[in-house]
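S.K.: Let me give you the structure first, and then I'll get to my questions.
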Number of protein chains: 2
Amino acid sequence: MVKMISIYNLFPMFLIALTAPLLALSTNYEAIAAAQGIANAKPGVRHVPERNIPIPTADVSPEEQTLIGAPYLPVFNVHPKNSDEWKKLIAEVAANVIAELPEIKKRLGVTVTPTTIAGVKAYIVAPTTIPEKNKNRLLVHVHGGGYVFFPGEAGLREAVLMAGFGGYKIISIDYRMPPDFPYPAALDDAMAVWKEAVTMASPKNMAIFGTSTGGAMTLAMILRAKNENLPLPAAIASNTPWADLADIGDSYKTNEWVDNILVTWNGWLGDAAKLYAGNHDMKDPYLSPIYGNFHGFPPTILTAGTRDLFLSNTVRTHRKLRRAGVEADLNVYEGQSHAQFGDDLDAPETKEAFSDIANFFDKHLGK
Amino acid sequence: MVKMISIYNLFPMFLIALTAPLLALSTNYEAIAAAQGIANAKPGVRHVPERNIPIPTADVSPEEQTLIGAPYLPVFNVHPKNSDEWKKLIAEVAANVIAELPEIKKRLGVTVTPTTIAGVKAYIVAPTTIPEKNKNRLLVHVHGGGYVFFPGEAGLREAVLMAGFGGYKIISIDYRMPPDFPYPAALDDAMAVWKEAVTMASPKNMAIFGTSTGGAMTLAMILRAKNENLPLPAAIASNTPWADLADIGDSYKTNEWVDNILVTWNGWLGDAAKLYAGNHDMKDPYLSPIYGNFHGFPPTILTAGTRDLFLSNTVRTHRKLRRAGVEADLNVYEGQSHAQFGDDLDAPETKEAFSDIANFFDKHLGK
């Protein structure tokens, strides 16, 4: 069996020094504790010393240990200077993702059919055989990628995993993105598809799901559907959502340099936020749904990791949903950085996370 | 109204330097990113630079911001050298906790009556008026404190909060502790009370709850009740449980020096673990319940914080419960260190956390 390549193989390798300097970190606990005690003896900022953090092993599969211990994504601190540089980077990343898609589709028995819905490019993603209970159900998928990455087939990976592990038929939206199409193009496309999709199945048999940017767009779609009096789905999955587009939220700081996928808001991520927002206020709930009104939301499942740069985005969303009286289910994976629960098809955590979401949908969707 | 004093006032102040040195931290992002990129360009340990982390403000109440930004608990790195030093420390801490108890009882309208159950010291904690739906319900509380702190009335604070916010009648167990009574005395006492308690109410109308050490003992009590064919409660709350007594779990490292309550396993906490375990294997499920079999557990609610040293203890327990088919509800509070959701009676997060647990019990307990 071909070992699935990890997300680390999906990004172009930028020139980085391959030999890390020997780190002269103090291992004298008493000296560190004494210095820390002094540095944190007054109220205010938390001072944290330089550290080496080992790979966790307890209750973490060997496959996830490999992901958790992998180097930073080399792309983390790339800052494209203009549209052409963005497009070149986006194309390189996309090519690498698309290259592994046939193998994933084959292993999970999933077919992909390009289509156009309400003038928006999309794909129908479905298992070869749809289980009886899912015959009248339909999911809508919004992919991640910081509003810049994963156009076209490159955005399908997660939809293929959900179709394979959950047995659902899925519309995956290939929404327009920066640099050519900043906000509101992506959300406009997603809403155009949603308006059409609710005529293809009963909304009470439907769910919307996505991860990261897709998780935030899932929330924004519900906010907008509420405001526009459109039908709501029966459930949503908002995985480690980019709920606050700005660098607001504690884990942007506590997990900065700890998360090996996003690493820091100040890398490409913050550039992408500004590119997407354009002249719009990042605190507009359609851009940062954490600032929206969550009353009346459908039951929501959220998934993140303890090292996730978006852990705070996730738990802030979870608590705000709870405070609004919404049934909200939180799952946090040990040691994982951003969205690593989906990065290796062979990791038991991948099957577990997608099965948990599928079971949550199964509980809430009509048939 | 008297402002409730925080947990910071509950510990004796040890001699610490009051003037932190000016930290010459680099704020040059590009320099840090470049160095970090190099240090994390190969698989293995995660290198994290020295940092100052600000107090989070979004979706965090002013009261919790004060707790999150408070200095390290000065006791964090105290290492008593013998039984007498432990007892002196334990007594000092207890006196401070007990001093504020009358005010908490008064504000929440809760009464406390000392008793003895099956030869074990305990307290009956109850609101002045018990709501009709809770008349036949009974909770059992096991307090926290690393198996060393909070004997006698000092262990009652959390039970008073639950009686006040939840309207429940509660048995709070004053179990024996080190240095005089290492494992299994604490668990033996808790089980003796449980065996008697299930004759005082129907087990399907009962729940067990606790935080930290009390959260771990709650899990261990279920493991032991299963093994001894005793009745199980209808639900449990295991808040930020000390599920792994050894320093195993990712947040023992990622949140080391970040959590301002426990700070590090290598302080008093690890000493307490060794004192409690004595000659017993720390991986014995009765000491570290994460190594137990969770099949057949009652519905469980877990609560922790993103900066919590026990975040991994909590999410490992949550996922293991889910994998065993148990209904398990996870709540993680933004920016909070260990168990800060209960540290300030005036913080809305305190009422929210205890109300969430009470509602979870209300959903699962018979009447």
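The values are calculated or read from the model by the stated rules, or taken from the named source; none is laboratory data. The model shown is predicted, which means the values in this text are computed figures rather than measured ones. Ideal geometry is used to build each Cβ from the backbone, glycine not excepted, and the neighbour counts take in all protein chains shown. When the accessible area is computed, the model is the full protein with side chains, heavy atoms only, and any ligands, DNA or RNA have been set aside. Shrake-Rupley method; radii C 1.70, N 1.55, O 1.52, S 1.80 Å.
S.K.: Whole percent per 10 Å bin, from 0 to the bin with the longest distance: what is P(r) over all C-alpha pairs of the range B:163-209?
M.R.: 23, 46, 25, 6
S.K.: In debye to the nearest 20, how big a dipole does the protein assembly as shown give about its Cα centre with +1 on each Lys and Arg Cβ and -1 on each Asp and Glu Cβ?
M.R.: For this selection, approximately 1580 debye.
S.K.: Okay, moving on. In Å, what Rg and Dmax follow from the Cα atoms of the range A:126-181?
M.R.: Just the Cα atoms of the range A:126-181 yield Rg and Dmax of 12.8, 42 Å.
S.K.: Could you tell me what percent of the accessible area of the range A:142-266 is made up of carbon and sulfur, with a 1.4 Å probe and every protein chain present?
M.R.: 50 percent
S.K.: To continue, here is another question. Using the Kirkwood formula on the Cα atoms of the range B:307-348, what hydrodynamic radius do you get, in angstrom to one decimal?
M.R.: 11.5 Å
S.K.: Sticking with this one: Could you state, as a whole-number percent, how many of the C-alpha pairs of chain A are farther apart than 32 Å?
M.R.: 30 percent
S.K.: Tell me, which residues of the range A:240-256 get at least 20 Å² less accessible area when the other protein chains come in, versus the chain alone (1.4 Å probe)?
M.R.: A:250, A:253, A:254
S.K.: Solvent-accessible area of residue B:116, probe 1.4 Å, all protein chains present, reported in Å² to the nearest ten, please.
M.R.: Around 90 Å² of this residue is reachable by solvent.
S.K.: Net charge around residue A:102, counting only other residues with Cβ within less than 14 Å of its Cβ (Lys, Arg = +1; Asp, Glu = -1)?
M.R.: Combined, the nearby Lys, Arg, Asp and Glu give +1.
S.K.: With springs only between Cα atoms under 10 Å, which of B:274, B:106, B:195 fluctuates most in a Gaussian network model of chain B?
M.R.: Maximum among the listed residues: B:106.
S.K.: Just to confirm the number: angle between the C-alpha axis of helix A:213-227 and the first principal axis of chain A, 0 to 90 degrees, nearest 10?
M.R.: Its long axis makes an angle of about 50 degrees.
S.K.: On to the next question. Quick check on the protein assembly as shown: what are the equivalent-ellipsoid semi-axes from the Cα gyration tensor, as sqrt(5λ), descending, whole Å?
M.R.: The three semi-axes for the protein assembly as shown are 43, 30, 23 Å.
S.K.: What lysines does residue A:204 reach when the alpha-carbon gap must be under 23 Å and sequence neighbours fewer than 8 apart in one chain are set aside?
M.R.: A:133, A:135, A:169, A:195, A:226, A:363, A:367
S.K.: Which whole-number percentage describes the relative contact order of chain A, with Cα contacts under 8 Å and a sequence gap of 6 or more?
M.R.: Across chain A, relative contact order equals 18 percent.
S.K.: Using the crude model of +1 on Lys and Arg Cβ and -1 on Asp and Glu Cβ, and no other charge, please compute the dipole size for chain A relative to its Cα centre, in debye to 20.
M.R.: Roughly 920 debye for chain A.
S.K.: Can you give the local net charge around residue B:348? Use residues other than it whose beta-carbon is closer than 10 angstrom to its beta-carbon, Lys and Arg +1, Asp and Glu -1.
M.R.: Around residue B:348, the charge tally is -4.
S.K.: In terms of solvent-accessible area of protein heavy atoms at a 1.4 angstrom probe, what is the ranking of B:323, A:307, A:107, highest value first?
M.R.: So, going from the largest accessible area down, we get B:323, A:107, A:307.
S.K.: Okay, moving on. About its Cα centre, what dipole magnitude does the range A:171-218 give when the only charges are +1 on Lys and Arg Cβ and -1 on Asp and Glu Cβ, stated in debye to the nearest 20?
M.R.: 220 debye
S.K.: Tally Lys and Arg at +1 and Asp and Glu at -1 over the other residues with C-beta under 15 Å from the C-beta of residue A:47: what net charge comes out?
M.R.: In short, +1.
S.K.: Placing +1 on the Cβ of each Lys and Arg and -1 on the Cβ of each Asp and Glu in the protein assembly as shown, which of A:267, A:29, B:225 has its Cα farthest towards the positive end of the resulting dipole?
M.R.: Working it through, the farthest residue towards the positive pole turns out to be B:225.
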